[in-house]
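Participant: Please read through the structure below; I'll follow up with questions.
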């Protein structure tokens, strides 16, 4: 199986301009394929995952017949940010990117054909988007998620980039970007099923405590989830070593497509 890697520029209504995607697409697959939406971390962009991790090699080794789409979320935590220097990054992913991908690739264009995943900021973003839009994603896999965002101060006492959380709360008081409260709301909802959840974090990662607490919170809500810890910190060595967990999770989620 060959994997074609493309960098795609497309127009985003949410951003009012162009945005970029990296797309990994298996060749010679006639059936509609599931899509893994893979989100990057703070300071990275749509190219970083494939620059740092041999995703193509991993997909070939696993005979993974699904599409990988890596959007560019800037430093947004994949939230809708008000103001002239902001951008509607939640809408970018949940509307524009998915619509573009379903219109231009042979996808299984339904909930059971979409998984969200990411690392750090993108780990948070994947959980947040899957909980705010459970009708879109059947599963979510988070590596070292920055789950403090919208929930509590940064573990090192840092302010959110550009005062992002204050900006969100000042301008959008009704928006909820806290994955703990989102989990509570979704678990009590009869409208949508909770996506399948897997979470991992490094034993030496400063994000570890918050990740453990989200796992415990999901357990208290009766939400089935997988939580794992492995050696390592908040580093690319850790994410390279554990990307296979997301790969295997995605394969299992798409097993019946």
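The values are calculated or read from the model by the stated rules, or taken from the named source; none is laboratory data. Because the structure is predicted, anything quoted here is derived from the model rather than measured. Every residue, glycine among them, receives a Cβ derived from its backbone with ideal geometry; neighbour counts consider all protein chains shown.
Participant: Just checking, does the range 174-190 include any residue being in contact with a helix residue (DSSP H, G or I) (Cβ under 7 Å, 6 or more places away or on another chain), farther than 29 Å from residue 248 by Cα and either outside any helix (DSSP H, G or I) or at pLDDT 95 or above (or both)? Step through it out loud before you land on a result.
Facilitator: Kept after step one, since they are in contact with a helix residue (DSSP H, G or I) (Cβ under 7 Å, 6 or more places away or on another chain), are these residues of the range 174-190: 175-177, 179-180, 182-183, 186.
Imposing the further condition that a residue be farther than 29 Å from residue 248 by Cα reduces the set to 175-176.
Pick out the ones that are also either outside any helix (DSSP H, G or I) or at pLDDT 95 or above (or both) and you get 175-176.
Yes: the range 174-190 contains one or more residues that are in contact with a helix residue (DSSP H, G or I) (Cβ under 7 Å, 6 or more places away or on another chain), farther than 29 Å from residue 248 by Cα and either outside any helix (DSSP H, G or I) or at pLDDT 95 or above (or both).
Participant: Which residues, taken from the range 105-123, are touching a residue at least 12 places away in the same chain (Cβ under 8 Å) and out of contact with any strand residue (DSSP E or B) (no Cβ under 7 Å at 6 or more places or on another chain)?
Facilitator: Quick first cut of the range 105-123, residues touching a residue at least 12 places away in the same chain (Cβ under 8 Å) only: 105-109, 111-123.
Correct list: 109, 111, 112, 120, 121.
Participant: Can you tell which of 257, 247, 218 is over 16 Å from the mean Cα position of the chain (by Cα), surrounded by 13 or more Cβ atoms within 10 Å (Cβ to Cβ) and part of a helix (DSSP H, G or I)?
Facilitator: The unique qualifying residue is 218.
Participant: What are the pairs with Cβ atoms under 6 angstrom where one residue, in the range 67-81, is in contact (Cβ under 8 Å) with a residue 60 or more places away in the chain and the other, located anywhere, is assigned to a loop (DSSP other than H, G, I, E, B) and surrounded by fewer than 21 Cβ atoms within 10 Å (Cβ to Cβ)? Sequence gap at least six, or different chains.
Facilitator: Close Cβ pairs satisfying both conditions: 75/42.
Participant: Filter the range 130-168 for residues that are assigned to a helix (DSSP H, G or I), surrounded by 13 or more Cβ atoms within 10 Å (Cβ to Cβ) and free of Cβ contacts under 8 Å to residues at least 60 places away in the same chain and give the result.
Facilitator: Within the range 130-168, 132, 165 meet the criteria.
Participant: While we're here: Taking only pairs six or more apart or across chains, which ones have beta-carbon atoms under 8 Å, a first residue in the range 197-222 that is touching a residue at least 24 places away in the same chain (Cβ under 8 Å) and on the phi > 0 side of the Ramachandran plot, and a second residue that is surrounded by 13 or more Cβ atoms within 10 Å (Cβ to Cβ) and not in a strand (DSSP E or B)?
Facilitator: Listed pairs, sorted by first residue: 222/187.
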